[in-house]
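Down below is the structure, laid out as structure tokens.
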Amino acid sequence: MAPERTLIIACGALARELNQVLNANAWHHATIQCLPPELHNRPEKIPAAVMERIRLGRADFDRIFVAYADCGTGGLLDSLLEAEGVERLPGAHCYEFFAGSAEFSALADAEPGTFYLTDFLARHFERLVWQALGLDRHPELLPLYFGNYRRLVYLSQRGDPALQTRAEEAARRLGLAYEQIHTGLRPFAAALNGNGGVPVTWAS
């Protein structure tokens, strides 16, 4: 029996990691369609963008899965997906499913004033954080945005020294203590496999 044709509607920030996990599992009957990662700066627009892709994909796919967490939508994405009978990644945001729920909870409890980076955000910090918040034009806004933060935690997936350097530089520019935790992709693969999600496993 042929596997179900599956559409994965994903945040563009997860494209590399999704492809890596799916390729490791030879899960070639899935098609990934990514939405712009900039939507995270306007989370209220995420549900409508996801809904449009769901409607477009109904005719061509047997199953649809959404590779987003809540991502700041305040439950609006979940309401939409429940009505459509579509499942998503578990958790509140990508930091949680990259680190694993227990590890992320421990990090948040240890220091609530933590700013997080992933590989994607370390790679695109200049565009998606510094420029998007207008700090390139108005550096005086830095205390307004980051005055309540104490540390930056870089949750790394690939262990790339160049990205570590970028993350360290981001912490310096933000005036935050720096910490790196290598998560790899095992927690992400487990999140894909959890809650009736995409049936994959991760092999190093």
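The values are calculated or read from the model by the stated rules, or taken from the named source; none is laboratory data. Everything numeric in this text was worked out from a predicted model, so none of it was measured. Cβ sites come from the backbone with ideal geometry, for glycine too, and all protein chains shown count toward neighbours.
General observations
- Among the residues making up the stretch 143-188, those that are in a helix (DSSP H, G or I) and of a type in the set (Ser, Thr, Tyr) are Tyr145, Thr165.
- Pair list, Cβ under 6 Å, 6 or more apart: the stretch 145-158 residue more than 12 Å from Gly113 (Cβ to Cβ) and in the same structural domain as Trp130 (by TED's automatic domain parsing), other residue surrounded by fewer than 16 Cβ atoms within 10 Å (Cβ to Cβ) and aliphatic (A, V, I, L, M): Leu155/Ile181
- Taking every residue in the stretch 96-115 that is more than 13 Å from Pro187 (Cβ to Cβ) and pairing it with any residue that is among the basic types (Lys, Arg), at least 6 positions away or on another chain, the pairs with Cβ-Cβ distances below 8 Å are Glu111/Arg150; Glu111/Arg151; Gly113/Arg150; Gly113/Arg151; Thr114/Arg150; Thr114/Arg151; Phe115/Arg151.
- Verdict on Leu7 being within 16 Å of the chain's Cα centre (by Cα) and over 20 Å from Pro187 (Cα atoms): no
- The set of residues in the stretch 3-32 being in a helix (DSSP H, G or I), in contact (Cβ under 8 Å) with a residue 40 or more places away in the chain and not β-branched (Val, Ile, Thr) consists of Ala13, Leu14, Arg16, Glu17, Leu18, Gln20, Leu22, Ala24.
- Lone qualifier among Ala92, Ala102 - being at pLDDT below 95, within 19 Å of the chain's Cα centre (by Cα) and surrounded by fewer than 13 Cβ atoms within 10 Å (Cβ to Cβ): Ala102
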